[in-house]
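See below for the structure under consideration.
The values are calculated or read from the model by the stated rules, or taken from the named source; none is laboratory data. Fair warning: this is a prediction, and the values are worked out from it, not measured in the lab. Here the Cβ positions follow ideal geometry from the backbone for every residue, glycine too, while neighbour counts run over all protein chains shown. To get the accessible areas, we keep the full protein, side chains included, count just its heavy atoms, and leave off ligands, DNA and RNA. Shrake-Rupley method; radii C 1.70, N 1.55, O 1.52, S 1.80 Å.
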Amino acid sequence: MRKKLIGMMMACVLLIGSVMPVSATEVRVDGQSVDVQVEHDNKSSFCINIPESIYLDDSTGYYFTASLMNITSSERVCVYANEKTISMHNEAGDPGTLYLYGADNGAVANFETGQMQSNTPMYSSFDAVSAGHYTGTATFVIRLESKN
């Protein structure tokens with residue numbers, strides 16, 4: 001009996017403690033208007049254009065573009081190369097290595113709010129012995145990050 005009484009008392013204490021006070025405006029007169037604050041969070045959205053092929057022989061670097069950039073001023077969109085070194089081969093099968101680098105934070109491109117072109121270019125350097133047209137595959141990862 002004593003355990004049941006203690007259990008009931010604890011349930012009542014938990015129930016009373018979980019009540020949240022709500023401030024509400026009461027309308028008591030027909031036709032009376034009331035102003036209330038409404039809120040909504042619009043999530044950040046972006047669309048980065050990653051082409052099927054990137055030609056990296058330009059010393060000015062490669063700039064990524066976006067078709068949508070709707071982020072807050074405390075955020076940035078970062079494009080990372082999954083691997084910083086990429087194995088490549090020419091038409092004769094000779095190997096080469098491409099190195100990708102870009103911004104100080106390790107990303108190959110960064111976008112700030114409203115930017116439709118990355119504010120930093122992706123640079124590359126290439127190491128191979130044989131001449132020829134080299135190809136390889138790079139994988140990019142895109143992240144929405146806080147600037148803080």
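Rounded to the nearest Hz, the phi-derived 3J(HN,Hα) couplings of the range 26-42 under the Karplus curve 6.51 cos²θ - 1.76 cosθ + 1.60 (θ = phi - 60°) are 8, 9, 10, 10, 4, x, 6, 9, 9, 8, 10, 7, 10, 9, 7, 9, 9, where x marks glycine and proline. Projecting the Cα positions of Q37, Y134, L144 onto the charge dipole of the chain (unit charges on Cβ atoms of Lys, Arg, Asp and Glu, taken about the Cα centre) puts Q37 furthest along the positive direction. In order along the range 136-148, the phi-based Karplus estimate (6.51 cos²θ - 1.76 cosθ + 1.60, θ = phi - 60°) of 3J(HN,Hα) comes to x, 10, 10, 10, 10, 10, 10, 9, 8, 10, 7, 6, 6 Hz; Gly and Pro are listed as x. Along the range 59-68 the Karplus relation, 6.51 cos²θ - 1.76 cosθ + 1.60 evaluated at θ = phi - 60°, assigns HN-Hα couplings of 6, 7, x, 10, 9, 6, 10, 10, 9, 8 Hz to successive residues, with x for each Gly and Pro.
For K43, the aspartates and glutamates whose Cα comes closer than 20 Å to its Cα, not counting residues fewer than 8 places off in the same chain, are E75, E112, E145.
So what is the calculated 222 nm ellipticity per residue for the chain, using -39500 (n - 2.57) for each DSSP H run with n of 4 or more, over all residues, to the nearest 500 deg cm²/dmol?
On the way: 1 runs with 16 residues, N = 148.
Counting only the DSSP helices, I get -3500 deg cm²/dmol.
Please give the helix 2-17 orientation as an angle from the longest Cα principal axis of the chain, in degrees from 0 to 90, rounded to the nearest 10. Helix 2-17 and the main axis of the chain meet at about 70 degrees.
On average, how much accessible surface per residue is there in the chain, in Å², for a 1.4 Å probe, leaving out ligands, DNA and RNA?
Values: 11230 Å² over 148 residues.
Heavy-atom SASA per residue in the chain reads 76 Å².
Can you tell me which of 49-59, 129-139 comes out highest on packing, and rank the rest after it, using the mean Cβ neighbours within 10 Å? Mind dumping the intermediate values first?
Details: 49-59: 9.2, 129-139: 12.2.
Sorting 49-59, 129-139 by mean packing, highest first, produces 129-139, 49-59.
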